[in-house]
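Below: the structure, in structure tokens.
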Amino acid sequence: MRKSRNCTMDEHLLLFRLGKQALEEFEGEKGVRRGMKRRFKHDIEGVSIHDAELLAQLQEGHKHTTSCEAIMLLEGEIKACCWDDEGKIETKSLSERGDLVVFRPGQSHTLFVKQDAHIIVVRFFPKDKVQEVGERIAVPLPGELESLRKKMLGTHYPLKEILQQIDQELERKKR
């Protein structure tokens, strides 16, 4: 085994296996609120890695105070949305496998999942700072998007109609 700075390579290779702590399944209200079916999650030395299956919907808004969040599309179609304190929205479409978006620390963001999707999420700290990976902080979506999300969470509104309204609102906000 090759040595590097008095350490064997084995000391740097960590093996994770699926266990009770790694798999989270979201059912009922929690699944609808988070917009997620299930995820495999591992946290190690200030990096959090999630392999997640998402539901087609507008997810809750949130931000991470000190960590960056990178989202890579594996399957499906997603619009990544971020906004400032004045409610100005910026969107990026992720439509091909490998498309990637990175949200900076403190940036309010959400995902508009147009069809069930599969993503990889990596949360990490900028400039090689190893810290504890904290919980995300929920933040309200800008104005009309929040009201559309509330409508969508009500069972009497058809999902397709609400997704079209969200698309129209995002296009209107970009102007």
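Annotation note: of Q107, Q59, the sole residue that is buried (at least 18 other Cβ atoms within 10 Å of the Cβ) and not hydroxyl-bearing (S, T, Y) is Q59.
For segment 23-90, the strands (runs of 3 or more DSSP E) that sit wholly inside it and include 1 or more residues that are in contact (Cβ under 8 Å) with a residue 24 or more places away in the chain and not polar (S, T, N, Q) are 36-44, 47-54, 68-83. The single condition among (1) over 22 Å from D51 (Cβ atoms); (2) modelled with pLDDT under 90; (3) charged (D, E, K, R) that E135 does not satisfy is (1). Is it true that some residue in segment 80-89 is in contact with a Lys or Arg (Cβ under 6 Å, 6 or more places away or on another chain), of a type outside the set (F, W, Y), modelled with pLDDT of 70 or more and farther than 18 Å from R104 by Cβ? The answer is no, given that none of the residues of segment 80-89 is in contact with a Lys or Arg (Cβ under 6 Å, 6 or more places away or on another chain), of a type outside the set (F, W, Y), modelled with pLDDT of 70 or more and farther than 18 Å from R104 by Cβ. The set of residues from segment 75-92 being touching a strand residue (DSSP E or B) at 6+ places or on another chain (Cβ under 6 Å) and more than 15 Å from M36 (Cα to Cα) comprises K79, A80, C81, C82, W83, I89, E90, T91, K92.
Each row is one residue, and each column tells you yes or no for (1) modelled with pLDDT under 80; (2) in contact with a strand residue (DSSP E or B) (Cβ under 9 Å, 6 or more places away or on another chain).
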| position | (1), (2) |
| --- | --- |
| H12 | yes, yes |
| L15 | yes, no |
| L18 | yes, yes |
| L23 | yes, yes |
| F26 | yes, yes |
| E45 | yes, no |
| S48 | no, yes |
| H62 | no, yes |
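Only a single criterion out of (1) among the polar types (S, T, N, Q); (2) at pLDDT below 90; (3) farther than 30 Å from I44 by Cβ is not satisfied by S95, namely (2).
Taking the conditions exactly as written (buried (at least 17 other Cβ atoms within 10 Å of the Cβ), under 18 Å from G143 (Cβ atoms) and either in contact with a strand residue (DSSP E or B) (Cβ under 7 Å, 6 or more places away or on another chain) or without any contact (Cβ under 8 Å) to a residue 24 or more places away in the chain (or both)), does K114 satisfy them or not? No; evaluated as a whole, the condition is false for this residue. Among the residues in segment 92-104, are any in contact with a helix residue (DSSP H, G or I) (Cβ under 8 Å, 6 or more places away or on another chain), surrounded by 16 or more Cβ atoms within 10 Å (Cβ to Cβ) and not in a loop (DSSP other than H, G, I, E, B)? Among the residues of segment 92-104, not one is in contact with a helix residue (DSSP H, G or I) (Cβ under 8 Å, 6 or more places away or on another chain), surrounded by 16 or more Cβ atoms within 10 Å (Cβ to Cβ) and not in a loop (DSSP other than H, G, I, E, B), which makes the answer no.
The values are calculated or read from the model by the stated rules, or taken from the named source; none is laboratory data. Just so you know, these numbers come straight off a predicted model, no measurement behind them. Every residue, glycine as well, gets a Cβ built from its backbone with ideal geometry; the counts of neighbours run over all protein chains shown.
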